[in-house]
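Asks: My questions all concern the structure below.
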Amino acid sequence: MAVDITIRIGGLAGQGMQFIGMLLGKIFTRHGYYVFTHQDVESRIRGGHNFVQVRIKDEPVFCHSQKVDILIALDRGSMDLDQPVLEPDDIMIFDVKEKGFTSDNPARLPIPMEQLAVEAGGMKIMFNSVAIGAALALLGCDLQPILDRLDEEFAARGQETVEKNRNCVISGYGYIKSNFKGTFPKKIPLAPYKKDKLFMTGSQAMALGAACSGLKFYSGYPMSPSTTIMEYLASLGRKHSIIVEPAEDEIAAINMVIGASFAGVRAMTATSGGGFCLMVEGMGLAGMTETPAVIVVAQRPGPSTGLPTRTEQGDLDFVIHASHGEFPRSVFAPGNAEQAFYTMQKAFNLADRFQTPVIVLGDQYLNDSYFTLDNLDPGRIKIDRGKIISAENMSYPVEYKRYEWDESGISPRIFPGQTEAVVYADSDEHTEAGHITESATVRKGMVVKRLRKVEGIRKEMDPPKVNGERDPDLLLVGWGSTCGALKEAADILTRNGLKTAVWHFCDLFPFPDTGLLPQISKKTRIFSVENNATGQFARTLSGQGRIMIDHRIFKFDGRPFSPWDIVNRVHRAL
Amino acid sequence: MVNLDDFYSDDPVAWCPGCGNYSILEALKQAFVNSGRKPHEIVIVSGIGQASKMPHYLRCNAFNGLHGRTLPVATGIKLANHELTVLAEGGDGDGYTEGGNHFIHAMRRNIDITYLVHNNKVYGLTKGQASPTSDLGYVSGTTPMGSFSPPLNPLLLAISMDCTFVARGFSGEPVHLAGLILEGLQHRGFSFIDILQNCVSFNRVNTYQWYKKRVYDIKDDPSYDPRDMGMAFRKAQEWGEKIPIGIIYRNDRPSLDEKHPAIRNLPLVKQEIDRASLEGIIEFFR
């Protein structure tokens, strides 16, 4: 029987939901399954209503499901607020100590969680481990492999913690085995242990992709949901020769990146929309001085502080148009952790080859969610640093002009100190040698030189990934983190008799040549699906792509699309 | 051996005749010659303003960036290649208003760069508006009733940040200034030099003659100890009839580039990518 089961853990911030989500994800990833874990949390360290949702499938999975099969309610708020998503047969596990809730439905399962935790030698706060044991018992998982994984994950926290949590899991597991009187047919038989697949977040994949692309310098200022990129890179710093320097603000961050890049190393920063606002000045500096810079913008709902811990695709127009003046740039929006990993190499290569800023758009849904991946191969990453003159390949006597005219718009770089040449870079309009100029002729030439790069960059932009049948009834078009939900929605629609295809764009700007795409016939109804309120990409599609959109599906409540959100909206539109 | 000609640039100079910047330029060249560093081993990062045009009039690597953003660019350059001699240069507007936050944190980091601020107590390039170091009551286009806010004392700010090298020079004493810059270049850590400078076009009070009558070398007082923070605080507040120039405060604590383990042996820019170790980090996620 095909497995597609979702466990939601709801409760107060500080109850360890994220850790449970990660732990369950690792258990199932290492025992034959694919997992997608996403979080829906409030902007606070303690309290509130939050949940982490773990979806387990026997085939690759890239989005959450709106269907919850087991709810682990760690507090009264979760019982009240999350229960409505359950069908009568779905399980809710909660602590008996929560008063005022009675139900004769055997699927509403009160367990003395805190009491069992204390009896098992643990502390009250370990009741979440009791809940894990109970949930896994309901799902028919064997106990031993769970305990083994627990040992692995808790090992760093010391023997005593391992032992106590182990006993709590055993106790919850045993409680279900002897007390659960109902039937729960959904089972996840654990396959033999195999450490073959990867389990990581979108942020970790971006950071890893950057490290494998030769990143040497990172500077940033913490801002959700980008901070995990900085933290992960900082953890690599000592062993892998990456300098991570905490900046006083995002202005400093991007200027440090530009300095490091000018000096010759691959450098990047990451932030969210509000932080990127401060970086816009530096973005223009990179454009004018023709200094490579990679900037990850992990979007969250704005404007201003917005919803700090939630998701949106609201910053596409902003990053495409950020900064005054006219200069080239490119923008990417990977759809899942695997694509995020490989997109980073493209970002660094294009930044170096065309000597421009490059933006990689993520969002809270992509950056914070965990994915099971078959593999990531650093061997596939090819590093291309573009035109560089070094001491070995330079001609003498040295007459170096940083902005020397070239048909491609690209002048070779020299890293200061690496040859006997001196390098002048300037944010003022400048001569080929890099000195300030007021000349109308030079100004015109330099604008043309910089803009020449656009056509070169456009040739590197990949068309969207096409999924589904030729000549479809419906075409869903999207970009970035909606990738998984779009594909699954198309599958559902196709199964229901509407032939549905998906175009997913990762390379967004300059708008790729869509001439190679399969022709769309008149009968195909085109849906643009975006996690924003105004259809930012839809405008580009109709403007630059000359693709006429029939229907627009927007979502801007700070929550991500599930496949069924899309399916229902499509049906409503037809 | 390097000489003054090695630092000659033929870029036409765009400063006003009589500007204090000319003698700062000569002092800077002299300090470079005395340091023994070659033009390609030096980088000057400048901001925007009259002072920030400086690197164009010299022959050495230069990054003429944004108003107020010299220090983060210089920090990035130094961390990517600490074998370079890195300077940041700008005016009082550039450094003490737009760049104020970066100034504070560069001192905290104690990054090994030398920071020169041309302080003429006025915004020159935008034609004479009050700057953060303009005197209380200074009348200008943006302060027609006179500046309501007292001037910022950059030396006090720097000492309070425990900046490891705090000095003041005067454009009218170029030999003394060249000596200060050389000491700054040789100091391992953040070297801050506030350079008093006349503005012939806009500052009618703090003229060359006004300063010339008042400045004295701090070394004239043999009892002065720049390692004594209390003394330094008092000295930094001396202004009026007598104005001290020289090294006001210094201390030794490790610079940022000495602390990063990634560059203990080799600058980042010279390090190859270690493919094997990267395979290893992927394994961590299995």
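Asks: Go through (1) surrounded by fewer than 24 Cβ atoms within 10 Å (Cβ to Cβ); (2) away from every other protein chain (no Cβ under 14 Å); (3) touching a residue at least 60 places away in the same chain (Cβ under 8 Å) one by one and return the number of the condition A:Asn375 breaks.
Replies: Answer for A:Asn375: the failing condition is (2).
Asks: Name, by its number, the condition in (1) modelled with pLDDT of 95 or more; (2) under 21 Å from the mean Cα position of the chain (by Cα) that does not hold for B:Asp225.
Replies: Here B:Asp225 meets the rest and fails (2).
Asks: For segment B:14-46, name all the residues that are facing another protein chain (nearest Cβ under 9 Å) and either in contact with an Asp or Glu (Cβ under 9 Å, 6 or more places away or on another chain) or of a type in the set (Asp, Glu) (or both).
Replies: We begin by selecting, within segment B:14-46, every residue facing another protein chain (nearest Cβ under 9 Å); these are B:14, B:38-43, B:45.
Once the filter is applied, which keeps residues that are facing another protein chain (nearest Cβ under 9 Å) and either in contact with an Asp or Glu (Cβ under 9 Å, 6 or more places away or on another chain) or of a type in the set (Asp, Glu) (or both), segment B:14-46 yields B:Lys38, B:Pro39, B:His40, B:Glu41, B:Val45.
Asks: Among the residues of segment A:231-246, write down those that are facing chain B (nearest Cβ under 7 Å) and hydrophobic (A, V, I, L, M, F, W, C).
Replies: A:Leu236, A:Ile242, A:Ile243
Asks: Here's another thing I want to ask about it. Would it be correct to say that A:Ser171 is of a type in the set (Ser, Thr, Tyr) and outside any helix (DSSP H, G or I)? Please lay out each step first, then the result.
Replies: Working: of a type in the set (Ser, Thr, Tyr): yes; outside any helix (DSSP H, G or I): no.
Considered against the rule, which asks whether it is of a type in the set (Ser, Thr, Tyr) and outside any helix (DSSP H, G or I), A:Ser171 comes out as no.
Asks: I'd like the residue in segment A:289-304 that is of a type outside the set (Val, Ile, Thr) and within 14 Å of another protein chain (Cβ to nearest Cβ) and, out of all such residues, is surrounded by the fewest Cβ atoms within 10 Å (Cβ to Cβ). Reasoning before the result, please.
Replies: At the first step, the residues of segment A:289-304 found to be of a type outside the set (Val, Ile, Thr) are A:290, A:292-293, A:298-304.
With within 14 Å of another protein chain (Cβ to nearest Cβ) added as a condition, the list becomes A:290, A:292-293.
Values: A:Glu290: 24, A:Pro292: 27, A:Ala293: 30.
Filtering segment A:289-304 for residues that are of a type outside the set (Val, Ile, Thr) and within 14 Å of another protein chain (Cβ to nearest Cβ), the one surrounded by the fewest Cβ atoms within 10 Å (Cβ to Cβ) comes out as A:Glu290.
Asks: Residues in segment A:172-188: is at least one within 14 Å of another protein chain (Cβ to nearest Cβ) and surrounded by 22 or more Cβ atoms within 10 Å (Cβ to Cβ)?
Replies: Applying the first criterion (within 14 Å of another protein chain (Cβ to nearest Cβ)) to segment A:172-188 yields none.
The answer is no, given that none of the residues of segment A:172-188 is within 14 Å of another protein chain (Cβ to nearest Cβ) and surrounded by 22 or more Cβ atoms within 10 Å (Cβ to Cβ).
Asks: Out of the residues in segment B:86-98 that are closer than 28 Å to B:Pro261 by Cβ and touching a helix residue (DSSP H, G or I) at 6+ places or on another chain (Cβ under 6 Å), which is surrounded by the most Cβ atoms within 10 Å (Cβ to Cβ)?
Replies: The first filter runs over segment B:86-98 and keeps only residues closer than 28 Å to B:Pro261 by Cβ, leaving B:86-88.
Keeping just the survivors that are touching a helix residue (DSSP H, G or I) at 6+ places or on another chain (Cβ under 6 Å) gives B:86, B:88.
Working: B:Val86: 29, B:Ala88: 35.
The residue in question is B:Ala88.
Asks: How do the pairs read when you match residues in segment B:152-174 that are closer than 19 Å to B:Leu185 by Cβ with residues anywhere that are in a loop (DSSP other than H, G, I, E, B) and of a type in the set (D, E, K, R), using Cβ under 8 Å and keeping only pairs 6 or more apart or on different chains?
Replies: Here the result reads B:Thr164/B:Asp252; B:Thr164/B:Arg253, each pair linking segment B:152-174 to a residue that is in a loop (DSSP other than H, G, I, E, B) and of a type in the set (D, E, K, R).
Asks: Test A:Ser219 against the criterion of being within 19 Å of B:Ile273 (Cβ to Cβ) and at the interface with another protein chain (Cβ under 10 Å from one of its Cβ atoms), and give yes or no. Before you say what the answer is, go through the steps one by one.
Replies: On the way: within 19 Å of B:Ile273 (Cβ to Cβ): no; at the interface with another protein chain (Cβ under 10 Å from one of its Cβ atoms): yes.
In short, no.
Asks: Only one of these conditions is not met by A:Val447: (1) of a type in the set (A, V, I, L, M, F, W, C); (2) within 21 Å of A:Gly259 (Cα to Cα); (3) more than 9 Å from every other protein chain (Cβ to nearest Cβ). Which number is it?
Replies: All conditions are met except number (2).
Asks: Would you mind finding the one in A:Ile520, A:Ile436, A:Ile457 that is hydrophobic (A, V, I, L, M, F, W, C) and within 14 Å of chain B (Cβ to nearest Cβ)?
Replies: Details: A:Ile520 fails: within 14 Å of chain B (Cβ to nearest Cβ); A:Ile457 fails: within 14 Å of chain B (Cβ to nearest Cβ).
Just a single option satisfies the conditions, and that option is A:Ile436.
Asks: List the number of the failed condition for A:Glu114; all other conditions in (1) in a loop (DSSP other than H, G, I, E, B); (2) of a type in the set (Asp, Glu); (3) touching a strand residue (DSSP E or B) at 6+ places or on another chain (Cβ under 9 Å) hold.
Replies: Going through the list (1) in a loop (DSSP other than H, G, I, E, B); (2) of a type in the set (Asp, Glu); (3) touching a strand residue (DSSP E or B) at 6+ places or on another chain (Cβ under 9 Å), A:Glu114 breaks only (1).
Asks: Quick one: what pairs do we get from segment A:227-241, first residue in contact (Cβ under 8 Å) with a residue 40 or more places away in the chain, second charged (D, E, K, R), C-beta under 9 Å, 6+ apart or different chains?
Replies: A:Thr228/A:Asp368
Asks: Take A:Val169 and tell me if it is without any contact (Cβ under 8 Å) to a residue 12 or more places away in the chain and either among the β-branched types (Val, Ile, Thr) or not assigned by TED's automatic domain parsing to the domain that holds A:Asp40 (or both). Steps first, answer last, please.
Replies: Details: without any contact (Cβ under 8 Å) to a residue 12 or more places away in the chain: no; either among the β-branched types (Val, Ile, Thr) or not assigned by TED's automatic domain parsing to the domain that holds A:Asp40 (or both): yes.
So A:Val169 does not fit the description; no.
Asks: Report yes if some residue within segment A:270-288 is in contact (Cβ under 8 Å) with a residue 12 or more places away in the chain, in a loop (DSSP other than H, G, I, E, B), within 30 Å of B:Ala88 (Cα to Cα) and within 14 Å of chain B (Cβ to nearest Cβ); otherwise report no.
Replies: Within segment A:270-288, not a single residue is in contact (Cβ under 8 Å) with a residue 12 or more places away in the chain, in a loop (DSSP other than H, G, I, E, B), within 30 Å of B:Ala88 (Cα to Cα) and within 14 Å of chain B (Cβ to nearest Cβ).
Asks: Given A:Gly140, A:Gly202, A:Gly174, A:Gly158, which one is on the phi > 0 side of the Ramachandran plot and modelled with pLDDT of 95 or more?
Replies: On the way: A:Gly202 fails: on the phi > 0 side of the Ramachandran plot; A:Gly174 fails: on the phi > 0 side of the Ramachandran plot; A:Gly158 fails: modelled with pLDDT of 95 or more.
Checking each option against the conditions leaves just A:Gly140.
Asks: Taking B:Ile273, is it assigned to a loop (DSSP other than H, G, I, E, B), over 18 Å from the mean Cα position of the chain (by Cα), surrounded by 16 or more Cβ atoms within 10 Å (Cβ to Cβ) and free of Cβ contacts under 8 Å to residues at least 40 places away in the same chain?
Replies: yes
Asks: How many residues does segment A:102-111 contain that are in contact with a strand residue (DSSP E or B) (Cβ under 6 Å, 6 or more places away or on another chain) and either in a loop (DSSP other than H, G, I, E, B) or exposed (fewer than 13 other Cβ atoms within 10 Å of the Cβ) (or both)?
Replies: Total satisfying the criteria: 1.
Asks: Among the residues that make up segment A:305-315, is at least one of them surrounded by fewer than 24 Cβ atoms within 10 Å (Cβ to Cβ), closer than 21 Å to A:Ser43 by Cα and either within 14 Å of chain B (Cβ to nearest Cβ) or of a type in the set (Ser, Thr, Tyr) (or both)?
Replies: So far as segment A:305-315 goes, yes, one or more of its residues are surrounded by fewer than 24 Cβ atoms within 10 Å (Cβ to Cβ), closer than 21 Å to A:Ser43 by Cα and either within 14 Å of chain B (Cβ to nearest Cβ) or of a type in the set (Ser, Thr, Tyr) (or both).
Asks: Could you check B:Lys213 against (1) within 26 Å of B:Leu84 (Cα to Cα); (2) more than 24 Å from the chain's Cα centre (by Cα); (3) modelled with pLDDT of 95 or more and say which number it fails?
Replies: All conditions pass for B:Lys213, except number (1).
Asks: Could you tell me which residue of segment B:96-131 is farthest from B:Leu256 (Cα to Cα), considering only residues that are in a strand (DSSP E or B) and of a type in the set (S, T, N, Q)? Spell out how you get there, then give the answer.
Replies: Step one: filter segment B:96-131 for residues in a strand (DSSP E or B), giving B:114-119, B:123, B:129.
Those still in the list that are of a type in the set (S, T, N, Q) too: B:114, B:119, B:129.
Numbers: B:Thr114: 14, B:Asn119: 27, B:Gln129: 36 Å.
By that ranking, first place goes to B:Gln129.
Asks: Residues of segment B:246-264 being outside any loop (DSSP other than H, G, I, E, B) and away from chain A (no Cβ under 14 Å), which ones?
Replies: Here is the first cut: in segment B:246-264, the ones outside any loop (DSSP other than H, G, I, E, B) are B:246-250, B:256-259, B:261-263.
Passing the criteria: B:Gly246, B:Ile247, B:Ile248, B:Tyr249, B:Arg250.
Asks: So, one more: Answer yes or no: is there a residue in segment A:126-144 that is within 30 Å of A:Ala191 (Cβ to Cβ) and free of Cβ contacts under 8 Å to residues at least 12 places away in the same chain. I'd like the intermediate steps shown before the answer.
Replies: Residues of segment A:126-144 that are within 30 Å of A:Ala191 (Cβ to Cβ), as a first pass: A:126-144.
If we keep only those that are free of Cβ contacts under 8 Å to residues at least 12 places away in the same chain as well, we get A:144.
Scanning segment A:126-144 turns up at least one residue that is within 30 Å of A:Ala191 (Cβ to Cβ) and free of Cβ contacts under 8 Å to residues at least 12 places away in the same chain.
Here is a yes/no grid of residues against (1) more than 10 Å from chain A (Cβ to nearest Cβ); (2) closer than 25 Å to B:Asn21 by Cα; (3) in contact with a Gly (Cβ under 9 Å, 6 or more places away or on another chain); (4) touching a residue at least 24 places away in the same chain (Cβ under 8 Å):
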position: B:Pro72; (1), (2), (3), (4): no, yes, yes, yes
position: B:Lys78; (1), (2), (3), (4): no, no, yes, yes
position: B:Glu98; (1), (2), (3), (4): no, yes, yes, yes
position: B:His102; (1), (2), (3), (4): no, yes, yes, yes
position: B:Leu116; (1), (2), (3), (4): yes, yes, yes, yes
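Asks: Tell me which residues, restricted to segment B:47-63, are surrounded by 24 or more Cβ atoms within 10 Å (Cβ to Cβ) and of a type in the set (Ser, Thr, Tyr).
Replies: Scanning segment B:47-63 gives a single hit, B:Ser52.
Asks: Still on this structure, please answer the following. Given the conditions (1) in contact with a strand residue (DSSP E or B) (Cβ under 9 Å, 6 or more places away or on another chain); (2) modelled with pLDDT of 95 or more; (3) over 18 Å from A:Ala252 (Cβ atoms); (4) away from every other protein chain (no Cβ under 14 Å), and given that B:Val122 satisfies all but one, which numbered condition is not satisfied?
Replies: Every listed condition holds for B:Val122 apart from (2).
The values are calculated or read from the model by the stated rules, or taken from the named source; none is laboratory data. The structure displayed is predicted, hence computed values, not measured ones. Heads up, the Cβs are rebuilt from the backbone with ideal geometry, glycines too, and the neighbour counts pull from every protein chain shown.
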